[in-house]
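Heads up, the thing below is written out as structure tokens.
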Amino acid sequence: MIKIKNLTAKIKNIDVLKNINLTVNPGEIHAIMGARHSGKSSLAHAILGNPILDIHEGNITFNRRSIMDKTIEQRNLLGIFTTFQYLPILDGISNFDLTKAILKAHKDKRSLNEIEKEYKLLIKELGLSSNHGHKITNNETMTATECKKNELLQIMITDPKLIVLDEIDADIEEDELETFALNIKNFLKNKKKAAIVITHSKRFLDLLEPTHVNIMVQGAIQRKGSQELYKRIVEDGYTQCS
Amino acid sequence: MAIHSVLKAEKGDPDWQFSPEDYFGKEFKIIDASTVEMGEGQNEKVVLRQNPTEKELLAKHLKISLQKNSILDLTILNELDSNLQQVFLYDIHINMGATLTLGLFVKDGMLNKHIIQVIQEEGSTFSTYGLISNTVEGDTEIVTKVIHKGPDSISNQVFLGIAGKESQTVYQGVAIAEVESEASQIGIENSNLIIGENGRCYSKPETYLDSEFSVCATGSETNTINPEKLGYLQSKGLSLEDSQNIIVNSFRDQVIGLITQDLIKEEVKEMYQD
């Protein structure tokens, strides 16, 4: 589905990604782990299409077509949904109004009634409050957990092919993490989605059960393996990879 | 007021020394004068639409007088062509126990200046809010001076500014609690969004408390469109243009949402749709 080949990128003349090779197929969940500033979020931004990255070598193909010339929104409309680590407050925009705007951009054919119906079902499924749609997106009326659940809701309602989650588990309240992770896992597995999950949390990965694990060190993928790898890394530390 | 001269005001940096006194009491050509007078205990909702077409730099004068315990909810919609210059003067007196809610939505003009002077008596309330917008390379300004003369009076001002390419907005708000106005409350809030290259938003909120037990709160901020917000919206499939529109519309809606009449709310939304 997505194939990243020999990707090398800089931000402000500093190497942030070095010769990245990664292929993610439908039904696969790839965990990306690494110490701070190891390039995990830069990888997410490269897939997102953030122009801050100066990609001077390599290629990213999605469904066998290069997406290097595609803008951020074009990549999303192709079926790549990348979540942000830090979610900006959108003053004056309610969650439901934003969702309607997103679905309009996606040329969603459902009627408003059908959208409302599904939105209500998802709110319930994710354990959000009944007035969630009226809340202002990511402002102080929403907890950090609600903000992250809102991202998941948008993923579920737009049904992308590839999901890139950049530390979506960060700031989730401890007692909510299990349900949140299982919601993600069920969605990914039931719909055979491809996913790239950036995280520092062993517990989150225990719940998510990734099919592949990639360890990044200084902008490069240093180790690839199965679930055993992240368990070992958590015990031994990232220095064992360099 | 005698007609002797034409007021001169030029586009450029605002003169922070300016105060309504520079206009009030001076002689210049008044092309229109209106009075809104509310009798004792009267309660009204009024909408005024100002769409002047005069080509000279002229001034309009609106006198608003609220008698004891009256209530007026006044919304003013003002839109000016990019080649016109106008100055609007509002001379407002709010008597004991009266309440004025003033929504002021002003858009465009080469020079579009609104000068508001308010005198508040005991127990009166003045609540004003609105939008100052210019996207036609002109200058749109709201200048207020609120004087609390009586005790227990409340004034609250909430204005947003939007400046497009090579355009300018000015919000200058002064509120004074005079010695006799004990236990008065003053609030001034101004937030601005620059949406075009070389856009400028000037802001100068000021409060002076000369009375005992009076309190005030002021706040002002000016931002450009946050690229992170744009990227966030684009990452969900929205085009750059749609993302910008969503951010600007939601910024406007913060004050448009304060309009109490739904039909007027829609009219104001349409007025700002470019």
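Every number in this text was worked out from the coordinates using simple rules, so none of it is lab data. None of the values given here were measured: they were computed from a predicted structure. Positions of Cβ are backbone-derived with ideal geometry, glycine not excepted, and every protein chain shown enters the neighbour counts.
For A:K117, a cut-off of 13 angstrom between C-alpha atoms picks up these aspartates and glutamates, skipping any fewer than 8 places away in its own chain: A:E125.
Would you give the gap between the C-alpha center of region A:63-94 and the C-alpha center of region B:52-130, rounded to a whole Å? Here the answer is 44 Å between Cα centres.
In the protein assembly as shown, the DSSP beta bridges split such that about 15 percent are antiparallel, to the nearest 5.
For a test of the definition: using alpha carbon positions, the gyration tensor, and the 1.5 limit on a/c, classify region B:20-225 as rounded, prolate or oblate. Oblate shape, in that a/c is at least 1.5 and b/c is the bigger or equal ratio.
Note down the net charge around A:I60, summing +1 for each Lys or Arg and -1 for each Asp or Glu among other residues with Cβ under 12 Å from its Cβ. The partial results should precede the final answer.
Details: positive: A:K3, A:K5, A:R64, A:R65, A:K70, A:R75; negative: A:E57, A:D69.
Summing Lys and Arg as +1 and Asp and Glu as -1 gives +4.
Under the combined filter of DSSP loop state and at most 14 neighbouring Cβ atoms within 10 Å, region A:64-157 retains these chymotrypsin sites (Phe, Trp or Tyr not before Pro): A:Y86. The trypsin sites (Lys or Arg not before Pro) found in region A:11-103 that occupy coil by DSSP, while having at most 13 further C-beta atoms within 10 Å, are A:K12, A:R36, A:R64. Axis angle, to the nearest 10 degrees, between helix B:240-256 and the longest C-alpha principal axis of chain B: 10 degrees. In a reduced charge model with +1 at each Lys and Arg Cβ and -1 at each Asp and Glu Cβ, region B:105-188 shows a dipole moment near 280 debye about its Cα centre. Other residues whose C-beta falls under 13 angstrom from the C-beta of B:Q42 contribute a net charge of -2, scoring Lys and Arg +1 and Asp and Glu -1.
Please state the relative contact order of chain B as a whole percent: Cα pairs under 8 Å, 6+ residues apart? Don't skip to the end; give the middle numbers.
Working: 763 pairs, mean separation 32.0, N = 274.
RCO, chain B: 12 percent.
Take A:D15, project a point 7 Å from its Cα along the Cβ direction, then tell me which residues of region A:193-219 have their backbone nitrogen under 19 Å from it. Output list for this probe position: A:215-219. Each of A:T71, A:T143, A:F180 was scored by the projection of its Cα onto the charge dipole of region A:2-241, and the greatest displacement toward the positive side belongs to A:T71; charges sit on the C-beta of Lys, Arg, Asp and Glu.
Computed over chain A, relative contact order equals 29 percent, with contacts defined as Cα pairs under 8 Å that lie 6+ residues apart. Across the cross-link table entries A:K224/B:K236; A:K12/A:K40; A:K70/A:K104, which are compared at the Cα atoms, the separations over 23 Å belong to A:K224/B:K236.
Near B:I264, once Lys and Arg are set to +1 and Asp and Glu to -1 for all other residues with Cβ below 15 Å from its Cβ, the sum equals -2. A Cβ-based charge dipole, computed about the Cα centre of chain B with Lys and Arg at +1 and Asp and Glu at -1, lands at about 360 debye.
In the protein assembly as shown, with Lys and Arg counted as +1 and Asp and Glu as -1 at Cβ, which of these residues, B:I195, B:L89, B:G231, has the Cα nearest the positive end of the dipole, that is, farthest along it? Result: B:G231.
For A:K124, the aspartates and glutamates whose Cα comes closer than 13 Å to its Cα, not counting residues fewer than 8 places off in the same chain, are A:E116, A:E146.
Residues in region A:219-229 carry Karplus couplings, in order, of x, 10, 7, 8, 9, 10, x, 9, 4, 4, 5 Hz; the curve used is 6.51 cos²θ - 1.76 cosθ + 1.60 with θ = phi - 60°, and Gly or Pro positions show x.
Our coupling estimate for region A:78-85, obtained by passing each phi through the Karplus curve with A = 6.51, B = -1.76, C = 1.60 and θ = phi - 60°, is 6, x, 10, 10, 10, 8, 8, 5 Hz, Gly and Pro reported as x. Round to the nearest 0.05 the FRET efficiency obtained for A:K224 and A:K120 when R0 = 45 Å and r is the Cβ-Cβ distance. E(calc), rounded to 0.05, equals 0.65. Couplings 3J(HN,Hα) for region B:181-186, derived from phi with the Karplus relation 6.51 cos²θ - 1.76 cosθ + 1.60 (θ = phi - 60°), are 9, 4, 6, 8, 10, 10 Hz, where x marks Gly and Pro.
Answer rounded, prolate or oblate for region A:60-217, using the Cα gyration tensor with square roots of eigenvalues a ≥ b ≥ c: rounded when a/c is under 1.5, else prolate when a/b is larger than b/c, else oblate. Since a/c reaches 1.5 but b/c is at least a/b, the shape of region A:60-217 is classed as oblate.
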